[in-house]
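**Student:** This structure is in C-alpha cells; I'll ask about it shortly.
The values are calculated or read from the model by the stated rules, or taken from the named source; none is laboratory data. On a predicted model such as this, the values are computed, not experimentally measured, just so you know. Glycine gets a Cβ as well: all are built from the backbone with ideal geometry, and neighbour counts include every protein chain shown.
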Amino acid sequence: MVVRTHKPQLSDPFFIALQPPVNETPAERQQRVELEQEQRRVSDQIDDGLAKERADKKKRSKREVKVLLLGQSESGKSTVLKNFRLKYAPLQWKAELRSWRAVVQLNLIQNIVTILDVMQDRLALMDAEPASPILSSGPSSFTRGDGRMSIDSTVSELTIATSGRSANVIFTQKHRVLNLRLSPLREVGDDLRRRLGAADPEFTFANGDDGAMNGLSDAGPRKISREFGVRGWIGALGFPATARKSDEPMPVDEPTEILTTLRDDIVSLWEDPEVRELLRIKGVRVEDRPGFFLSDTARIATRTYVPSDNDVVRARLRTLGVQEWRITLEQTDHFGAEWIIYDVGGSRSMRHAWLPYFDAVNAIIFLAPISCFDERLAEDPSVNRLEDTLMLWKAIVSSPLLGKTSLIVFLNKCDLLKRKLQSGVQVNKYLISFGTRENEVGTVVKYLKDKFKDILRADASQPRTTYLYATSVTDTKATAATLAIVRDGIIREHLKHAEFV
Ligand SMILES: Nc1nc2c(ncn2[C@@H]2O[C@H](COP(=O)(O)OP(=O)(O)OP(=O)(O)O)[C@@H](O)[C@H]2O)c(=O)[nH]1
Ligand SMILES: [Mg+2]
C-alpha cells in the first residue's frame, strides 16, 4: 500500500505563517505554547457547544409536533390555527387580541363598501333613466309626492333588461345621503390596508368583492378588486409591540374616530329594507361572506372597542405564502408541548409553496369547505369550489411523500351549509350524483364523507386511516373539543413513530 506523507511545502505561505519566530527565546516559546493551548481549549469548547446545540435541536425537533394546514383559499385554515392558539396558548392569544382591531374594522368597512358598490350601480341606473323622453326634464321630474323616486313605465326595454328585477327597488334622498356620508370609508379602508402592509397583488378577479362568488346572479357590471392579504400576522398586526395589557385604554386613531362618527349611518344602511331587497335581488349575501361584522356595528364602531375572542376568530385576513407558527402549549410540559403549525395560502397561485413541507410534518389537517358546492373559485371562476377541493384531496392522498403522514379532514362550514340548504338551494342542482337524497345537512355531510373515503380507497399511495370531522370552525367551543381529539390522535401517532420512545 502506498502511504502518502504530506511534507509541508517550505514555500507555502500558510506553512511559513504558522512557524514560530526564528529567534524565539525559551521564555517566549513557553508563553506561545501556553497561548496556543488556551486558544485550542476555547476552540474545543465552542465546538462542543455547537455539537450540543445541534444534538439538542435534533432532539427538540423530534419532540416537536409538526402540522400542515391545507385546503383551498377561504376553507378555514387560519381559523383552525386561531382556534388552536386560543385553546392551547391562551395567555399569548389574550395579549394579541387588541392588535386585531384594525383587521375587524377593515372587514366591517369592506362589508359596507360591498353594499355601497351595489347601491351605486342602482343609483347610477336611476340617474340614467331620465334620459327617456318622458323623463327628460331631469331627475326632479321623477320624484313622487311622497319623496320617493319612481321609475316611469316607459323606460326603454334595454334599461329594463339591464336593471332587471332591481328596478323595483326605489332609492330616496335618504339613500343618496347615506351613500355620500359613507363614501369616505373607502379611503379609510385603503389607509388601513396600507397600515397593515399592502399585499402583493397576486391576482385580480371579477367579483366586485373579496369573497367567494356566492352565486352572484344579477350583479350587473362586475368590478375588478383584489383581496387584501398579508405574509405574516406578526408583522402586519405589529405583535408584540401592539399587544397591550388589557387594562390599558386603546388609542383612538383616525379609522376608529371615523367609524364611531358614522355608526348610526352604518346601522341605517344595513337595516334599510330597500337596501336589503336590492342585495337579495342581486344575490349578494354579505352575511355569508368572510369577515361579516355588520350585525355588530353598534359594538365595533366605538372609541373603546376591543375585539373579542370570537371577533378575532371570525376576522378575515388572507394568508400569503407559508407562515410558520411555533406554539408552546401553555398547560403542558410533557411530550407534545411544542407544536409547529404551518398555515399556507390556499389560492391556486400559492400551492406550489406547499410541497417542501410535505415530508417535514407529522400530520395534515385538510380543510374542505362543504358549503361551497354551488360556488366558484375566486381566482378561476370556471372552477367549482367543491370540485377543486376534491381534486386537491386526491392529489394529497396519492402523493408518495405523504405516505406516512396522518391525514385529518375537516368538512368545514357546516353552519353555512345548513343556512344555504334552509334558504332553498338544492344540492342536486350542482352535484348530479347526489340524486334524490334528502336536501338536509346530515345527508349532505354523510354523502361528502363517503366521497372523501372513496377517493382515499381508490387513490391513496398506500392503505391508511383517515379521520373526518364535520366542523364549523367559527364555533370556538365545538372546535376546541374537536381539536382536543385531533391533538391526542396526532401525539399518539407521533409517539409511535418517534424512535427515541
Ligand atoms: N360561518 C363560518 N365561517 C367560517 C368557517 N370557517 C372559516 N370561516 C370564515 O371564512 C373566512 C376564511 O377563513 P380563513 O381561515 O381565513 O381561510 P383560509 O383557508 O386561511 O384562507 P387563505 O388564507 O386565503 O388560504 C374567515 O372569515 C372565517 O371566519 C365556518 O366553519 N363557518
Ligand atoms: Mg389563511
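**Student:** Can you say whether Tyr357 is part of a helix (DSSP H, G or I) and more than 11 Å from ligand 1 (Cβ to nearest atom), as far as the supplied structure shows?
**Tutor:** Against the criterion (part of a helix (DSSP H, G or I) and more than 11 Å from ligand 1 (Cβ to nearest atom)), Tyr357 qualifies.
**Student:** Do the conditions hold for Ile115, that is, is it away from ligand 1 (no atom under 16 Å from the Cβ), closer than 30 Å to Ile281 by Cα and not charged (D, E, K, R)?
**Tutor:** Yes; evaluated as a whole, the condition is true for this residue.
**Student:** Give segment 339-352 a look and list any residue that's part of a strand (DSSP E or B) and either more than 15 Å from ligand 2 (Cβ to nearest atom) or not assigned by TED's automatic domain parsing to the domain that holds Arg492 (or both), or say none.
**Tutor:** Answer for segment 339-352, where residues must be part of a strand (DSSP E or B) and either more than 15 Å from ligand 2 (Cβ to nearest atom) or not assigned by TED's automatic domain parsing to the domain that holds Arg492 (or both): Trp339, Ile340.
**Student:** Of the residues that sit in segment 353-383 and are free of Cβ contacts under 8 Å to residues at least 12 places away in the same chain and more than 27 Å from Arg487 (Cα to Cα), which one is farthest from ligand 2 (Cβ to nearest atom)?
**Tutor:** Ser382
Results for (1) assigned to a loop (DSSP other than H, G, I, E, B); (2) within 16 Å of ligand 1 (Cβ to nearest atom), shown as yes or no for each residue.
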{"site": "Ile396", "(1), (2)": "no, yes"}
{"site": "Leu421", "(1), (2)": "no, yes"}
{"site": "Asp450", "(1), (2)": "no, no"}
{"site": "Lys453", "(1), (2)": "no, no"}
{"site": "Arg457", "(1), (2)": "no, no"}
{"site": "Gln462", "(1), (2)": "yes, no"}
{"site": "Leu483", "(1), (2)": "no, yes"}
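**Student:** Now for a separate question. Among Leu401, Leu329, Leu390, Leu386, which is surrounded by fewer than 15 Cβ atoms within 10 Å (Cβ to Cβ) and either more than 28 Å from Leu196 (Cβ to Cβ) or more than 16 Å from ligand 2 (Cβ to nearest atom) (or both)?
**Tutor:** Leu401
**Student:** Here is a follow-up. Can you say whether Gly76 is crowded, with 19+ Cβ neighbours inside 10 Å and either more than 16 Å from ligand 1 (Cβ to nearest atom) or not hydrophobic (A, V, I, L, M, F, W, C) (or both), as far as the supplied structure shows?
**Tutor:** Here the answer is yes, as Gly76 does meet what is asked.
**Student:** State whether one or more residues within segment 365-378 are closer than 26 Å to Asp475 by Cβ and surrounded by fewer than 20 Cβ atoms within 10 Å (Cβ to Cβ).
**Tutor:** Yes.
**Student:** What are the pairs with Cβ atoms under 7 angstrom where one residue, in segment 453-471, is within 16 Å of ligand 2 (Cβ to nearest atom) and the other, located anywhere, is part of a helix (DSSP H, G or I) and of a type outside the set (Lys, Arg)? Sequence gap at least six, or different chains.
**Tutor:** Thr471/Cys414; Thr471/Thr479; Thr471/Thr482
**Student:** Now, a different point. Considering segment 69-96 alone, what residues qualify as being of a type in the set (A, V, I, L, M, F, W, C), in contact with a helix residue (DSSP H, G or I) (Cβ under 6 Å, 6 or more places away or on another chain) and away from ligand 2 (no atom under 16 Å from the Cβ)?
**Tutor:** Trp93
For (1) touching a Lys or Arg at 6+ places or on another chain (Cβ under 9 Å); (2) over 27 Å from Lys451 (Cα atoms); (3) modelled with pLDDT of 90 or more, each residue gets a yes or a no:
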site	(1), (2), (3)
Ala360	yes, yes, no
Ile370	yes, no, yes
Leu390	yes, no, yes
Gly403	yes, no, no
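**Student:** Answer with yes or no whether Val473 is within 15 Å of ligand 1 (Cβ to nearest atom), within 27 Å of the chain's Cα centre (by Cα) and not in a helix (DSSP H, G or I).
**Tutor:** When the stated conditions are applied, Val473 passes them.
**Student:** Restricting to segment 259-271, count the residues that are surrounded by 19 or more Cβ atoms within 10 Å (Cβ to Cβ) and either under 27 Å from the mean Cα position of the chain (by Cα) or part of a loop (DSSP other than H, G, I, E, B) (or both).
**Tutor:** Matching residues across segment 259-271 total 3.
**Student:** Determine, yes or no, whether Arg280 is more than 16 Å from ligand 2 (Cβ to nearest atom), in a strand (DSSP E or B) and surrounded by fewer than 20 Cβ atoms within 10 Å (Cβ to Cβ).
**Tutor:** No: the conditions fail for Arg280.
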